[in-house]
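The block underneath contains the structure these notes are about, expressed in structure tokens.
FYI, it's all coordinate maths here, none of it is from the lab. Predicted model, so just to flag it, every value in this text is computed and none were measured. Backbone-built Cβ (ideal geometry, glycine too); neighbour counts: all protein chains shown.
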Amino acid sequence: MSKLGNLGARLHRGEVGYDFVGNRKIWYGISILITITAILGLTVRGLNMGIEFQGGAAFTTPKHMSASVTQAEKYAEDASGHDAVVQKLGDGSLRIQIAGIDTDKSDTIKAKLAKDLNVSSENIAADLVGPSWGDQVANKAWEGLAIFMVLVVIYLAIAFEWRMALAALVALIHDITITIGIYALVGFEVTPGTVIGLLTILGYSLYDTVVVFDSLKEQTKDITKQTRWTYSDIANRSINGTLVRSINTTVVALLPVAGLLFIGGGFLGAGVLNDISLSLFVGLAAGAYSSIFIATPLVADLKEAEPQMKALKKRVLAKRAQAAAQGTPTEPEVTDRSDDDYDDEPEDAAAVVGPRTQPASRNRGRGRPSGKRR
């Protein structure tokens, strides 16, 4: 078995682990800092909205243009009086986007560009987007995002509970804010492809979160009938048990997206890939982070605010304090247990045994007669 696979097995058995939930204040602080930075970037710089949202015109020049991107930007701004975004395509042509102009002026701008670039006006293709159509696209994008969030909350509330639905919603808002903030900071253009990428990464984020929630739901059945673990202990065990799986799926998903962003958009100059690849790359990373460090610790906080969980935590801590005072191990070895030791524990208690404790199923019944007579 590989080292990573062996680590995953040990994490799942509870032999090793990291206290994600116990250190949740650190992760909350890091997330708040990143979110504030993203909001400041969004407030100060704003989003570079594409012509699909603002309306305007996009001009595509013939192949193998001699003019540079900087020269084309200057020509376009002089011809239109507005800021222009110029991208060099893979075939050597230039795509010049000018947002916020009246479509009636497109012919004049096109003629001026053709003169400055020393090409025929007929060889420049123009795509026009009216401002009203751009507003409709923006409204539909926000409507689609809002409907997606509502459906997610309803589904998670039904499949799990409202606390998990709320925690997942907070994690999704966290991911969206960071992704949009990164777009504002780097100045990439926001297009319909960006919206598609954003919705895609939210699905990935939910996948990781639901995997942990499902494990947590199974392991906390009849949790109040035992006095060995608090809800936070089991939540932390659920994160560790699915940690390697989350890392593997995230890395596998990030590799092709990184190829689109850094090789396709950066090295090969296919700038049209940047709008969707950046949202996918940032969103996948943020989604993996939020499912581990935000969603599940937040569920633990919400659950332990309940009276039953408060009482359970009090009993567990009292039992641990008593065991420490008597000098006995808080979690005895499984070989020292009898069947009576399991009466107050969940059916799947072995899944949440702390570090260095072997699963109960391996040793139950050892040293006792099998019931068969020789």
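Database remark: amide H of residue 49 closer than 5 angstrom to the amide H of 190 (H placed geometrically; neighbours at sequence offset of 5 or more, or on other chains; Pro and chain starts carry no H). Each Cα pair under 8 Å and six or more residues apart adds its separation to the average, and for the stretch 160-313 the resulting relative contact order is 44 percent. Evaluating 6.51 cos²θ - 1.76 cosθ + 1.60 at θ = phi - 60° for every residue in the stretch 199-214, the Karplus couplings come out as 5, 5, 5, 5, x, 5, 4, 5, 4, 4, 5, 5, 4, 5, 4, 5 Hz, glycine and proline recorded as x. For the stretch 92-100, backbone phi angles converted through the Karplus equation (6.51, -1.76, 1.60; θ = phi - 60°) give residue-by-residue couplings of x, 7, 10, 10, 10, 10, 10, 8, x Hz, Gly and Pro being listed as x.
Checked against a 25 Å cut-off, the cross-linked pairs 63/112; 25/221; 63/140; 88/140; 140/217; 110/140 give Cα-Cα distances beyond that limit for 25/221; 63/140; 88/140; 140/217; 110/140. Once C-alpha pairs closer than 8 Å and six or more residues apart are averaged by separation and normalised to the residue number of the stretch 31-168, the relative contact order reads 27 percent.
Computed over the stretch 48-97, the alpha-carbon pair-distance distribution with 10 angstrom bins reads 26, 56, 17, 0, each value a whole percent. Peptide packing for 292-304, 230-242, 173-185 was compared via the average number of neighbouring C-beta atoms within 10 Å per residue; ordered from the highest value, the list is 230-242, 292-304, 173-185.
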